[in-house]
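The structure under discussion appears below in the form of structure tokens.
The values are calculated or read from the model by the stated rules, or taken from the named source; none is laboratory data. Predicted model, so just to flag it, every value in this text is computed and none were measured. Using ideal geometry, Cβ is built from the backbone for each residue, glycine included, and neighbour counts are taken over all protein chains shown.
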Amino acid sequence: MMKKIFMMLLLALPLFAMNLELKSGYVAAHTEMMMDSTIDPINNYLKADITIENNDITTIKGKFWLEMTLFTSDKSDRDKSMYEEIEAEKFAFATYIISSIVKSEKEDGYVINGTLDFHGEKRELSADAKITTVNGSLIIEATSMILMSDYGIEMPCLMFMCVRDQVDLLIKATF
């Protein structure tokens, strides 16, 4: 009898948690050079290993990651400098592990809580998100910001023009 119960539970596990397949995703970053231009690199190669239970958004767990050398902007020379500043050869990936998702008061609004592992530093990071289902696809659009100095990175300066320490992040993932 116990063996039958165990087998039934084992067979039912896939019904409770489902892997979500990432169809597309990107991370866009935004910062500025003081008294000059904006810097807007984007990485269209987001990867994910995400699960959801019973189609309940607040049960989403898993991680997102991306390769740092796949960020590109409108200036390839600046991109090369960016890779050097963030030591992309040594710290090739940035990873975000979701610890919880909490419904907010906004329509389709949530707060995603987790840990960002970037440049060899792990820090708690929350993101405001809009999570919707459109034509059978789950879409996550999230915004957050980091200070590069929190991750041991000093932003470069040229004379009196320094790149802003704050980097605004926009993440979109479609499953």
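Before moving on, here are some points about what is shown:
- Scanning the range 137-149 for residues that are of a type in the set (S, T, N, Q), out of contact with any strand residue (DSSP E or B) (no Cβ under 6 Å at 6 or more places or on another chain) and modelled with pLDDT of 95 or more turns up at least one hit.
- Residues (more than 15 Å from the chain's Cα centre (by Cα) and touching a residue at least 24 places away in the same chain (Cβ under 8 Å)) located in the range 126-147: 132, 137, 138
- Scanning the range 41-98 for residues that are among the polar types (S, T, N, Q) and assigned to a helix (DSSP H, G or I) returns 69, 76, 81.
- Close Cβ contacts (under 8 Å, 6 or more residues apart or on different chains) running from residues in the range 76-100 that are exposed (fewer than 15 other Cβ atoms within 10 Å of the Cβ) to residues that are part of a helix (DSSP H, G or I) and among the aromatic types (Phe, Trp, Tyr) comprise 89/83.
- Strands (runs of 3 or more DSSP E) (entirely within the range 110-175) containing at least 1 residues that are of a type in the set (Gly, Ala, Ser) and exposed (fewer than 14 other Cβ atoms within 10 Å of the Cβ): 137-147
- Residue count for the range 105-145, restricted to those that are under 23 Å from residue 44 (Cβ atoms) and not aliphatic (A, V, I, L, M): 14
- Counting only residues that are more than 19 Å from residue 146 (Cβ to Cβ) and either of a type in the set (Gly, Ala, Ser) or loosely packed, with under 15 Cβ neighbours inside 10 Å (or both), the range 60-71 holds 1 of them.
- Looking only at the range 148-175, and only at residues there that are touching a residue at least 60 places away in the same chain (Cβ under 8 Å) and of a type in the set (Phe, Trp, Tyr), the one that is farthest from residue 123 (Cα to Cα): 160
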